[in-house]
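Where a number appears in this text, it was derived from the coordinates with a stated rule and is not lab data. This is a predicted model, so every value here is computed, not measured.
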Amino acid sequence: YKIIGGVRFYERKEIKDALAYMRLVINPHDDVSLRRVINVPARGIGKGVMDAVDNLAPADHSDLPLLGAGLQPAAAANSLWTRIVRGLEEKAFSGRAAASLTAFRDLIVSLTDVARTESVSVAIGKILDRSGYLQDLREDRSEDSEARVENLAELVSAAREYEGRETKAPLS
């Protein structure tokens, strides 16, 4: 057999999801990455909750503090991250939605601290573990899920190689 045009490594779903988590940890105002991983694995943030976030009125003032709870990138006044944080502060979401969004916000903030203090490979491993991504794949127990876990292990291995080549190897 000859495979022609197989899926490239960095175009696989699990790798794109892991990279989206990493981009979100580096810059929480990345709306594309946030939309990709906010409910991966499922955490109760579906279309209805995202519609509620989207429907929040934009901030009417430009003197916003850094809404990242310690995240360094400049606050984007109308990003999804800003809307989530502001909506949680203003108690704009219902109980279940608020609980899910609070858990997600806290996850990203804690992963940001991990990314600042740990090596790249350790940070990636902790991102995949704490986000519940690996656990979700392991619970699936399908052949496809096992291959996805192996691909994620290969991503961590590639990060270790990167650390070996670079003296200062930040996640960014």
Okay, helix-only estimate at 222 nm for the chain: each DSSP H run of n ≥ 4 adds -39500 (n - 2.57), divide by all residues, round to 500 deg cm²/dmol; what do you get?
-19000 deg cm²/dmol
So residue 149 and residue 161, fully extended at 0.36 nm per residue minus their Cα-Cα distance, gain in nm 2.5 nm
Correct choice for Rg and Dmax of the Cα atoms in Å that was computed from the model, options [x] 17.4, 62; [y] 15.7, 55; [z] 16.5, 51
[x]
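Sequence gap at least 6, Cα distance under 8 Å: using those rules, report the relative contact order of the chain to the nearest whole percent.
Computed value for the chain: 25 percent relative contact order.
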